[in-house]
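Single-structure report; data block below.
The values are calculated or read from the model by the stated rules, or taken from the named source; none is laboratory data. The model shown is predicted, which means the values in this text are computed figures rather than measured ones. A quick note on method: Cβ atoms are made from the backbone with ideal geometry, for glycine too, and the neighbour counts reach across all protein chains shown. Protein only, heavy atoms only, side chains kept; ligands, DNA and RNA dropped before computing areas. Shrake-Rupley method; radii C 1.70, N 1.55, O 1.52, S 1.80 Å.
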Amino acid sequence: MIRTRPAMFIGNLKFTGFANMLEFLLEEMLTEINLETTIEIEFLKSNTIRLNARQVDTSGLVNCIFHLDHPDMQQTHSLPVAILISLSVATEMEVHHQDEVYTLDSKQGDYILNVTPGKGHAGTLLVEFSPDPVIFRDFEADYEQTNTLLQKIACLYPGVKIISSDFRGDHCRNVFHYPQGITRLLDHAIATHPHASPFFRLDLKAVIRDYAYQVSFCYQPLWLTTSYVRSFANHYELFLGGSLIEGVQEGIIMGIRDAAAKAKTKIKISKRKLLESMVVIAAVRGKEFELTGPGKWKLDAPALKMDIKRYVFAEVARYLSLHTEDRNRVILNFAYEFE
């Protein structure tokens, strides 16, 4: 099924599809990260990609391998590996998990699996694959586009070091390592504005229940184009928003209203008005997200929305109570506009 209807599984058969195939694999191994987690990706001749990962979580990949015998390999538990081997002309994979080594060799979805005793390299993964030209016609992985993807992944999974190298022409090498997480995405957004003058900036991280959150935002009164809002659930960018970004927005509004009430200033504020002058980026990591809407680009998680709203409200209220100048500037914006 994956080979006969590949676009159903990866979106399209151009770079976006290739990126999704790569992201599925990366996400599976980044459920746990430590200071030594490193992923090296090499672009070789003949459109071959080599991936070498150290200190990653291999349990999910082994689980994928165990589920490959499911009919058509469509079961959710097998998809990251099933997609890779089905849409590649050839794949070689070596997974060091606990005290065993799983070696998988495949050609266009047909594979041979061997399991042997390990040699002390648990948490190591070696993968080499070539996207099938029968499926990815006239396609060669673009190095710069892939680096944009890898930079995003490094921001969404703080602490992982991703190294990319291109050996197909002049040797190029890039290193992506952002322990501070998505705050770097906010830095980049601000830097692209010709007249940036941000204030009321917060960079928040929290673990609530079973989810890890990152939220970064700032007030940017000179943002002259459309509002700048990005949100992610694991590696998925939520182009239609949903519970995460709605919770963040409502938490910010509650915090501003609380500050205005304490300052005895009447304001009128809405999500639309808030986002006219704010840059907001949010990300959440966890399992079993409910994605809805066209393209599955909207997060539907009411409990998650309530949790992040309460957390952001508390942090915004605390910040504005301690930073009088920012509090007054924010309040005056909404008071002035409607008086």
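List of remarks:
- Prolate/oblate/rounded label for the stretch 113-262 (Cα gyration tensor, a/c 1.5): prolate
- Ranked packing of 35-42, 209-216, most packed first, by mean Cβ within 10 Å: 209-216, 35-42
- Cα gyration tensor shape for the stretch 189-320, rounded if a/c is under 1.5, else prolate or oblate: oblate
- Dipole orientation for the chain: of the candidates Thr124, Ser270, Met306, Ser270 has the Cα lying most toward the positive pole (charges on Cβ; Lys, Arg +1; Asp, Glu -1).
- Dipole check for the stretch 83-157: with +1 at the C-beta of Lys and Arg, -1 at the C-beta of Asp and Glu, and the Cα centre as origin, the magnitude is about 180 Debye.
- Scoring 108-121, 230-243 by mean Cβ neighbours within 10 Å over their residues and listing the highest first yields 230-243, 108-121.
- With K and R counted +1 and D and E -1, the other residues having a Cβ less than 12 Å from that of Gly120 yield a net charge of -1.
- For the chain, the residue among Val248, Ala19, Val89 whose Cα projects farthest onto the positive side of the dipole built from Cβ charges is Val248.
- Surrounding net charge for Ile39, when Lys and Arg each add one and Asp and Glu each subtract one, Cβ distance under 9 Å: +1
- Simple label model, 7 Å out from Cα along Cβ direction - Cys172 to Leu126, nm: 2.7
- Remark: the stretch 236-291 carries 47 Å² of accessible area per residue (probe radius 1.4 Å; ligands, DNA and RNA excluded).
- Rounded if a/c under 1.5, otherwise prolate or oblate - the stretch 249-339, Cα gyration tensor axes: prolate
- Against the chain, whose longest principal axis is taken from its Cα atoms, helix 143-156 shows a tilt of about 60°.
- Placing a label point 7 Å from the Cα of Glu92 along the Cα-to-Cβ direction, the residues of the stretch 34-53 whose backbone N falls under 20 Å of that point are 39-53.
- Shape summary: the chain maps onto an equivalent ellipsoid whose semi-axes, from the alpha-carbon gyration tensor, are 42, 20, 19 Å in decreasing order.
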